[in-house]
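Student: Right, I'll just put the structure down here and ask away after.
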């Protein structure tokens, strides 16, 4: 059992930290205030190849594992930034990589790796389905050599910042299915050619998340853009969940470390009643507790990532990592805000921004309640509870 | 063209430097290391020249085992190959011993140009580059803030107190660069991955034909007698503005010959 990073992983951590160091608090604060997209940051990461970490070398990427990818995203959040603005560029292509044809991979992956194409959007969630993905209602009907798509999607992020979107749509009516997990298919949608057929309505959220409602009306997609086989799209999506959970766990750990570092620093510097506020156990214990929980979650995250990279089953670990890390980060966020007192609410301290951002990770990409339901049912053998 | 960049790997900037009271040398073992930012500028210049004119950049480092971190970093930035002079017999070398080792390694390679930092960011001796040039019998062009190569000619702008001098020489030559000559690139992720596969040649003092009378602590002719803290700064002069504050400041600066 070796808990140390390899020299290469350590180098990756140091280098991404250096790149993130170019984008300081004021940059992220300003982007948040203007509800802008951090284009300069994403371009910089792309040009240095960081977002192509998971793309195999033969398609122009670096062919690294989830362990290394998770270190990259952790460091972005630890620096004070937000990896959610670009993490999908890193892993959405995984569905294309695992299930796309060789022709599709050769057509898209090198351009995604080089930054020529942005693939950050994945249209899955719908207003009438939520977490029950098998009940989605968006339909794709075959018409000759094309599919025609109609429907609605909600919380589809970075559509306006992407060139490509993967889209899950129903190709067999729900009532005609024996196996309700069948009948869904994944399509590669070229957003540049979809104008007039997809109405994109940005959603105003408590965080700067670039997410949208989509109204799809008669979008035509060439049949050659069907990913893998028709009808097994739900399986393809599930395949990507473990990777996503591990990466989100790493982002939460990055957030948690940021909160703990800022809280400890402020607790040492802020003098009230003639001594640093950190000298009070009421201040220091919650920070220490949050630190311990983050370190514990980190171990599960690396266990999950290691199993994933060894191609071992890791559903339990990936889910637990996401659960523990997002909760530890939220606890750290609260400790940090409490430590800062009124200043924690002031935008210039950045705590309130990170506080808002990290709260999302307990809810998305999957609610922690559904993670508990997974563990109870699939790991502990209890009845399905929903 | 073949460029050799002499690159020192030094304790990371986050490390508080400590001096071993027995040897009066900087404690290097057991602390994180990084490529000296001054060496990164030298390397950046080498990479740019090779990108323009073709050829290869070899990075040359003398140092302890931990120096491989910085060497890998240099390879990740784009250096073609690396040479690591790694031997306990080299520990404690003075500047001349260091220059002898580096020059001996350079002689083993084909080269058109050697690039060094003007001085390393940990010890600031600033003499090794000149010593290497002397030992190799090539022209040293120092304090370059700009380098241009045209065929067999090299042309630099040499930073001076008041501006710059234009200096020209025939290749092969050695150039020492100022730290502000460029903004070193960050390694690309692909570069980090490729660095793993690049060769790092290792040489001992014996491989270089150097004995204990030339390198290492025993060969050092330069001895550090004492190491101490610089004297505490004197209290500053406080000027209260009672109508003639500006004049007083001007007089004060004139006394210091600043204006």
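Student: Which residues, taken from region A:345-386, are within 19 Å of residue A:326 (Cβ to Cβ) and outside any helix (DSSP H, G or I)?
Tutor: A:363, A:364, A:365, A:366, A:367
Student: In the list A:14, A:8, which residue meets the criterion of being modelled with pLDDT under 95, within 13 Å of chain B (Cβ to nearest Cβ), touching a helix residue (DSSP H, G or I) at 6+ places or on another chain (Cβ under 8 Å) and in a helix (DSSP H, G or I)?
Tutor: A:8
Student: Within region A:127-143, track down each residue that is under 12 Å from residue A:153 (Cα atoms) and outside any loop (DSSP other than H, G, I, E, B).
Tutor: Selection gives A:133, A:139.
Student: Every residue in region A:52-67 that is within 13 Å of chain B (Cβ to nearest Cβ), touching a residue at least 60 places away in the same chain (Cβ under 8 Å) and outside any loop (DSSP other than H, G, I, E, B), please.
Tutor: A:52, the sole residue that qualifies.
Student: Does region B:185-225 hold any residues that are in contact (Cβ under 8 Å) with a residue 24 or more places away in the chain, part of a loop (DSSP other than H, G, I, E, B), surrounded by 13 or more Cβ atoms within 10 Å (Cβ to Cβ) and in contact with a strand residue (DSSP E or B) (Cβ under 9 Å, 6 or more places away or on another chain), and which are they?
Tutor: Scanning region B:185-225 gives B:198, B:204, B:205, B:208.
Student: Find all pairs meeting these conditions: Cβ atoms under 9 angstrom apart; at least six residues apart or on different chains; first residue within region A:276-304 and in the same structural domain as residue A:326 (by TED's automatic domain parsing); second residue outside any helix (DSSP H, G or I) and crowded, with 20+ Cβ neighbours inside 10 Å.
Tutor: Listed pairs, sorted by first residue: A:303/A:314; A:304/A:314.
Student: Then there's this: In region A:228-262, which residues are over 30 Å from residue A:93 (Cβ atoms) and either assigned to a strand (DSSP E or B) or in contact with a helix residue (DSSP H, G or I) (Cβ under 6 Å, 6 or more places away or on another chain) (or both)?
Tutor: The answer is A:259, A:260, A:262.
Student: Next up: In region A:18-39, what residues are surrounded by 15 or more Cβ atoms within 10 Å (Cβ to Cβ), assigned to a helix (DSSP H, G or I) and within 14 Å of chain B (Cβ to nearest Cβ)?
Tutor: A:19, A:20
Student: Take the conditions farther than 17 Å from residue A:109 by Cβ and either modelled with pLDDT under 95 or more than 14 Å from chain B (Cβ to nearest Cβ) (or both) and apply them to residue A:98. Does it pass?
Tutor: When the stated conditions are applied, residue A:98 does not pass them.
Student: If I ask for residues that are surrounded by 11 or more Cβ atoms within 10 Å (Cβ to Cβ) and within 30 Å of residue B:98 (Cβ to Cβ), which ones from region B:226-259 would you list?
Tutor: B:227, the sole residue that qualifies.
Student: Continuing with the same structure: Looking at residue B:160, is it in contact (Cβ under 8 Å) with a residue 60 or more places away in the chain and either over 28 Å from residue A:18 (Cα atoms) or within 19 Å of the chain's Cα centre (by Cα) (or both)?
Tutor: No.
Student: So which residues in region A:263-277 are part of a helix (DSSP H, G or I) and closer than 12 Å to residue A:340 by Cβ?
Tutor: Those that are part of a helix (DSSP H, G or I) and closer than 12 Å to residue A:340 by Cβ: A:263, A:264, A:265, A:266, A:267, A:269, A:277.
Student: Tally the residues that are at the interface with chain A (Cβ under 7 Å from one of its Cβ atoms) and modelled with pLDDT of 95 or more, restricting the search to region B:190-201.
Tutor: The total comes to 0.
Student: Sticking with this one: Which condition from (1) crowded, with 16+ Cβ neighbours inside 10 Å; (2) in contact (Cβ under 8 Å) with a residue 40 or more places away in the chain; (3) under 16 Å from residue B:91 (Cα atoms) is the one that residue B:28 breaks?
Tutor: Only one criterion in (1) crowded, with 16+ Cβ neighbours inside 10 Å; (2) in contact (Cβ under 8 Å) with a residue 40 or more places away in the chain; (3) under 16 Å from residue B:91 (Cα atoms) is unmet by residue B:28, namely (2).
Student: Against the conditions (1) under 14 Å from the mean Cα position of the chain (by Cα); (2) surrounded by 22 or more Cβ atoms within 10 Å (Cβ to Cβ); (3) away from every other protein chain (no Cβ under 11 Å), where does residue A:72 fall short? Just the number, please.
Tutor: Single failed check for residue A:72: (3).
Student: Those residues that are in a helix (DSSP H, G or I), more than 14 Å from chain A (Cβ to nearest Cβ) and out of contact with any helix residue (DSSP H, G or I) (no Cβ under 7 Å at 6 or more places or on another chain), I need them from region B:70-106; list them, please.
Tutor: B:88, B:104, B:105
Student: Take residue A:166 and tell me if it is touching a strand residue (DSSP E or B) at 6+ places or on another chain (Cβ under 9 Å), surrounded by fewer than 22 Cβ atoms within 10 Å (Cβ to Cβ), touching a residue at least 40 places away in the same chain (Cβ under 8 Å) and closer than 30 Å to residue A:20 by Cβ.
Tutor: Judged against the criteria, residue A:166 is not a match.
Student: In this structure, is residue A:117 in a loop (DSSP other than H, G, I, E, B) and touching a strand residue (DSSP E or B) at 6+ places or on another chain (Cβ under 7 Å)?
Tutor: Against the criterion (in a loop (DSSP other than H, G, I, E, B) and touching a strand residue (DSSP E or B) at 6+ places or on another chain (Cβ under 7 Å)), residue A:117 qualifies.
Student: Looking only at residues in region B:153-182 that are exposed (fewer than 12 other Cβ atoms within 10 Å of the Cβ) and modelled with pLDDT under 95, which one is nearest to the other protein chains (Cβ to nearest Cβ)?
Tutor: In this case the residue turns out to be B:180.
Student: Of everything in region A:268-279, what is surrounded by 14 or more Cβ atoms within 10 Å (Cβ to Cβ) and in contact with a strand residue (DSSP E or B) (Cβ under 9 Å, 6 or more places away or on another chain)? Give them in sequence order.
Tutor: Result: A:270, A:277.
Student: Please go through (1) away from chain B (no Cβ under 14 Å); (2) touching a strand residue (DSSP E or B) at 6+ places or on another chain (Cβ under 9 Å); (3) outside any loop (DSSP other than H, G, I, E, B); (4) crowded, with 20+ Cβ neighbours inside 10 Å for residue A:148 and return the number of the only condition it doesn't satisfy.
Tutor: Checking residue A:148 against (1) away from chain B (no Cβ under 14 Å); (2) touching a strand residue (DSSP E or B) at 6+ places or on another chain (Cβ under 9 Å); (3) outside any loop (DSSP other than H, G, I, E, B); (4) crowded, with 20+ Cβ neighbours inside 10 Å, the one that fails is (4).
Student: Same structure again: Any idea how many residues of region B:38-69 are modelled with pLDDT of 95 or more and either outside any helix (DSSP H, G or I) or within 17 Å of residue B:122 (Cα to Cα) (or both)?
Tutor: 14
Student: With the structure loaded, tell me whether residue A:80 is farther than 30 Å from residue B:67 by Cα and either assigned by TED's automatic domain parsing to the domain that holds residue A:297 or part of a loop (DSSP other than H, G, I, E, B) (or both) or whether it fails that test.
Tutor: It is true that residue A:80 is farther than 30 Å from residue B:67 by Cα and either assigned by TED's automatic domain parsing to the domain that holds residue A:297 or part of a loop (DSSP other than H, G, I, E, B) (or both).
The values are calculated or read from the model by the stated rules, or taken from the named source; none is laboratory data. Given the structure is predicted, the values throughout are model-derived calculations rather than measurements. In this analysis, Cβ positions are derived from the backbone assuming ideal geometry, glycine residues included, and neighbour counts consider all displayed protein chains.
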